[in-house]
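Read-outs throughout are calculated quantities, based only on the coordinates presented, and are distinct from any laboratory measurement. Given the structure is predicted, the values throughout are model-derived calculations rather than measurements. Note: ideal-geometry Cβ built from the backbone for every residue, glycine included; neighbour counts use all protein chains shown.
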Amino acid sequence: MMSNQQRSFFFNVDWLMVFIYLALCTIGVLSIHSAVYDPKNHSILDLDTNYGKQFVFVIVAVILGIFILLLESRFLSALAPAIYSITTVLLILVLVIGRNVGGNQAWISLPGGFRLQPSEFAKFATCLLLARYLSGANIKVSEPKSFAIAAGIIFFPMVLILLQPDAGSTLVFSSLLFVLYREGLSPYFLILEGLFIALFVLTLKLNNLPLVIGGIVAVAAIVIFLFKRNRKLMLTMLIGAGILITFVFSVQFLYNKVLKPHQKVRIDIVLGLTSDPRGKGYNVNQSKIAIGSGKLWGKGYMKGTQTKYSFVPEQSTDYIFCTVGEEFGFAGSVVVLGLYLLLVLRIIYIAERQRSPFSRIYAYGVGSIIFFHVVINIGMTIGIVPSIGIPLPLISYGGSSLLSFTIMLFILIKLDSNRMGMIYA
């Protein structure tokens with residue numbers, strides 16, 4: 001017999017989360033409609049257009065969200081290994097029969113002209129399995145064995161996605177390091193990740209290995225001198241300096257041998273090492289022009305000249321934020337950013353009020369992935385990070401992306417609606 005809480009789950013639903021979700025989906029459909037508007041297919045419901053397809057995707061996504069709310073919460077935890085296994089099989093399958101679009105073999109063709117992108121669904125599948133494992137009895141992420149297994153759960157889909165090769169989607173999974181930190185991982189790992197990024201940029205920007213290495217040695221020497229009585233800290237600094245120096249020596253190899261030519265050019269443009277506004281830097285340059293031309297209030301819905309004359313490539317997908325910036329200006333951009341900020345803060349709030357470790361860990365996984373997507377996507381449209389081709393959650397065109405984020409969020413909403421019950425792995 002169902003409990004009163006199960007019968008009345010709609011009363012426990014976090015409606016603020018649902019409102020933010022619907023608001024972002026609405027902004028997405030309208031922005032896509034404006035970005036790729038075709039006078040011959042003026043109706044927003046025309047299925048021959050991307051905006052018509054996106055409208056259908058939203059309807060399907062909402063229905064899927066309601067279905068998730070009807071599921072039993074324990075069912076979600078129990079199915080985590082199976083969902084992870086299915087997405088893994090799809091990631092392997094796409095390497096064999098996948099369709100190559102834009103240099104990435106990341107899509108499986110479906111009837112009706114639709115495409116499935118398994119890497120999008122691997123995100124919530126990884127969050128689920130990671131939450132299930134870390135919420136198990138006697139699991140401490142600070143212990144080497146537990147950390148190794150948790151890292152394996154994260155890195156396995158990363159390797160398969162990198163083989164497509166889709167560097168953008170691969171990097172998204174690195175955001176789950178914040179989940180491990182929340183569950184007890186040493187902050188040194190976050191510091192090390194930040195230092196890796198900083199040293200990668202400095203090494204390429206300065207192009208002077210002795211200077212960079214000398215800086216690392218100098219900082220380590222100062223810290224060791226100041227804390228020479230703390231042998232543990234001294235040892236940590238020596239090991240850390242060794243790791244960082246080794247990484248610096250590997251930067252040129254990674255840059256020249258691992259990165260693709262177009263990826264290197266994008267990095268060079270962001271770092272100011274080269275300028276090619278009419279070639280490789282065309283997308284970012286036109287994106288910045290579009291956003292800047294919106295000024296404070298924007299040019300008005302469907303009145304953006306950069307948008308109308310298709311100056312910005314991929315404007316309905318990776319560069320959809322250009323449409324918001326040009327047509328609704330700084331004010332409209334702040335509203336969109338405010339919605340994302342509210343969404344991430346709400347997810348953190350929901351995470352911290354959970355009684356179940358599984359629900360809390362899953363919530364932090366969702367929050368980390370959404371935060372990463374928003375920061376990187378908007379960052380690349382304004383030219384402060386390299387263009388790596390990841391969508392703006394719930395706004396960019398794409399059925400796989402929309403359905404993935406919908407599943408991700410509504411699983412969280414469902415778990416939260418049952419927060420007074422305990423969900424075990």
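Relative contact order for the chain using alpha-carbon pairs under 8 Å, separation at least 6, rounded to a whole percent?
Over the chain, the number comes to 26 percent.
Calculate, for M234 and L345, the FRET efficiency according to 1/(1 + (r/R0)^6) with r their C-beta to C-beta distance and R0 51 Å; round to the nearest 0.05.
0.85
With only Lys, Arg, Asp and Glu charged, each at its Cβ (+1 for the first two, -1 for the last two), find how big the charge dipole of the range 346-425 is about the Cα centre; round to the nearest 20 debye.
280 debye
Taking 8 Å as the Cα distance limit and 6 or more residues as the minimum spacing, I'd like the relative contact order of the range 371-422 as a percentage.
Once normalised by length, the contact order is 22 percent.
Top mean-square fluctuation among E314, E143, E183, Gaussian network model of the chain, C-alpha springs under 10 Å?
E143
Could you give me the ³J(HN,Hα) list for the range 295-305, computed from phi with Karplus coefficients 6.51, -1.76, 1.60 and θ = phi - 60°, whole Hz, x at Gly and Pro?
6, 7, 10, x, 8, x, 4, 6, 10, x, 6
Quick one: if you stick a label point 7 Å off each Cα along the C-beta vector at S250 and T305, how many nm between them?
With each label point 7 Å from Cα toward Cβ, the separation is 4.9 nm.
Whole Å is fine, so just give me how far the alpha carbon centre of the range 220-255 lies from that of the range 111-187.
After rounding, the separation between the Cα centres reads 28 Å.
Could you give the size of the charge dipole of the range 280-357 about its Cα centre, using +1 on the Cβ of each K and R and -1 on the Cβ of each D and E, expressed in debye and rounded to the nearest 20?
Its charge dipole is roughly 120 debye.
Before anything else, pin down the relative contact order of the range 102-245: Cα pairs under 8 Å, at least 6 apart, normalised by residue count, whole percent.
Averaging sequence separation for qualifying contacts and normalising by length gives 17 percent for the range 102-245.
Label-point separation (nm) for A82 and L226, each offset 7 Å from Cα along Cα-to-Cβ?
A separation of 5.5 nm, rounded to one decimal place.
Give the residue list of trypsin sites (Lys or Arg not before Pro) in the range 327-414 that are DSSP loop and have at most 13 other beta-carbon atoms within 10 angstrom.
For trypsin sites (Lys or Arg not before Pro) across the range 327-414 that sit outside H, G, I, E and B with at most 13 neighbouring Cβ atoms in 10 Å, the list reads R353, R355.
Restrict the search to the range 303-358; then list the chymotrypsin sites (Phe, Trp or Tyr not before Pro) that DSSP places in a loop and that have at most 11 other Cβ atoms within 10 Å of their Cβ.
Y309
Would you calculate the separation in nanometres between label points at L195 and L47, each defined as 7 Å from the Cα along the Cα-to-beta-carbon direction?
Label at L195, label at L47, 5.7 nm between them.
Work out, step by step, the length gained on full extension between F330 and T274: first 0.36 nm times the residue separation, then minus their alpha carbon distance; give nm to one decimal.
17.3 nm
What order do you get for 295-307, 47-59 when each peptide is scored by the mean count of other beta carbon atoms within 10 Å, highest first?
Result, highest mean Cβ count within 10 Å first: 47-59, 295-307.
If you place +1 on the Cβ of every Lys and Arg and -1 on the Cβ of every Asp and Glu, how big does the dipole about the Cα centre of the chain come out, in debye to the nearest 20?
Computed about the Cα centre, the dipole is about 840 debye.
Per residue of the chain, what 222 nm ellipticity follows from adding -39500 (n - 2.57) for every DSSP H run with n ≥ 4, rounded to the nearest 500?
My calculation for the chain gives -22000 deg cm²/dmol from helical runs alone.
Mind listing P(r) for the chain? All alpha-carbon pairs, 10 Å bins, whole percents.
4, 19, 28, 27, 15, 5, 1, 0
Taking N as the number of residues in the range 9-93, what value does Rg over Cα atoms divided by 2.2 N^0.38 Å take?
1.44
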